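Asks: Sending over a structure as structure tokens; questions will come in a sec.
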Amino acid sequence: MNIIIAGFMGTGKTVVGQFLAKKLGWPYVDTDALIVKKEGREINDIFANSGEDYFRNVETSVIKNVVKKNKHVIAIGGGAIIRDENYNMLKSNGKIFCLTATPDVIYDRLKQDNSRPLLKVDDPLAKIKHLLEARDPYYKKADYQIDTVGKSVEEIVLEIEGRL
């Protein structure tokens with residue numbers, strides 16, 4: 001069984017996943033990092049030159065390989081869980097923890113980050129609200145929801161461990 005860290009961008013998937021993996025003594029895997037490695041280019045470049053559909057297809061192929069592992073902490077991209085195929089693969093060999101935060105907190109965490117292709121718009125806060133609303137039904141399918149607002153990484157990890 002794996003521990004899957006899902007959720008919207010800016011909710012802390014990477015830092016929480018890395019901390020949890022270190023604490024458990026399990027390997028940490030970030031599907032976005034694997035996509036960058038596989039493609040030999042940054043996610044911004046993939047979105048700009050090949051489009052979101054292409055990115056999502058690569059993401060699905062990466063997830064197919066990752067879910068075969070056991071006792072890994074796997075952080076997935078914010079939109080990965082919206083594909084039923086991805087959700088089903090991840091669920092088949094893992095517990096899914098969805099990290100959450102309010103739109104304002106997410107915006108505050110990401111406003112200086114230029115590596116988010118979906119937020120390269122005139123009104124990023126409105127885009128965050130729109131994407132969160134669209135993805136909410138998928139995020140709610142996770143085994144557990146963990147609110148990250150006002151919590152340290154250690155507190156979030158303790159909450160995950162408590163639910164395991």
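Asks: Can you pull out the residues in the stretch 67-118 that are closer than 22 Å to residue 149 by Cα, of a type in the set (S, T, N, Q) and surrounded by 16 or more Cβ atoms within 10 Å (Cβ to Cβ)?
Replies: 100
Asks: With respect to residue 20, determine if the residue is within 16 Å of the chain's Cα centre (by Cα), closer than 16 Å to residue 142 by Cα, modelled with pLDDT of 95 or more and of a type outside the set (Phe, Trp, Tyr).
Replies: So residue 20 fails the test.
Asks: If I ask for residues that are touching a Cys at 6+ places or on another chain (Cβ under 7 Å) and surrounded by 17 or more Cβ atoms within 10 Å (Cβ to Cβ), which ones from the stretch 132-145 would you list?
Replies: 139, 142
Asks: If you don't mind, another one. Can you pull out the residues in the stretch 69-79 that are modelled with pLDDT of 95 or more and either more than 15 Å from the chain's Cα centre (by Cα) or farther than 22 Å from residue 159 by Cα (or both)?
Replies: 70, 71
Asks: Quick one: is residue 44 touching a residue at least 12 places away in the same chain (Cβ under 8 Å), on the phi < 0 side of the Ramachandran plot and over 14 Å from the mean Cα position of the chain (by Cα)?
Replies: Spelling it out, residue 44 is indeed touching a residue at least 12 places away in the same chain (Cβ under 8 Å), on the phi < 0 side of the Ramachandran plot and over 14 Å from the mean Cα position of the chain (by Cα).
Asks: Would you please name the residue that is nearest to residue 91 (Cα to Cα), looking only at residues in the stretch 110-164 that are small (Gly, Ala, Ser) and touching a residue at least 60 places away in the same chain (Cβ under 8 Å)? Even if it seems obvious, please write down each step before you answer.
Replies: Taking the stretch 110-164 first, the residues small (Gly, Ala, Ser) are 115, 126, 134, 142, 150, 152, 162.
Keeping just the survivors that are touching a residue at least 60 places away in the same chain (Cβ under 8 Å) gives 115, 142.
Values: 115: 28, 142: 9 Å.
Per the criteria, the residue is 142.
Asks: Still on this model: Could we say that residue 5 is in contact with a Lys or Arg (Cβ under 8 Å, 6 or more places away or on another chain) and closer than 14 Å to residue 75 by Cβ here?
Replies: Considered against the rule, which asks whether it is in contact with a Lys or Arg (Cβ under 8 Å, 6 or more places away or on another chain) and closer than 14 Å to residue 75 by Cβ, residue 5 comes out as yes.
Asks: Count, please, the residues in the stretch 113-140 that happen to be of a type in the set (Lys, Arg) and over 15 Å from residue 52 (Cβ atoms).
Replies: Looking only at that region, the number is 2.
Asks: Looking at residue 164 and the list (1) exposed (fewer than 14 other Cβ atoms within 10 Å of the Cβ); (2) within 22 Å of residue 29 (Cβ to Cβ); (3) at pLDDT 95 or above; (4) not basic (Lys, Arg), which single condition is not satisfied?
Replies: Of everything listed in (1) exposed (fewer than 14 other Cβ atoms within 10 Å of the Cβ); (2) within 22 Å of residue 29 (Cβ to Cβ); (3) at pLDDT 95 or above; (4) not basic (Lys, Arg), residue 164 misses just condition (3).
The values are calculated or read from the model by the stated rules, or taken from the named source; none is laboratory data. This one's a predicted model, so the numbers in the text were calculated from it and none came from an experiment. Cβ: placed from backbone, ideal geometry, glycine included. Neighbour counts: every protein chain shown.
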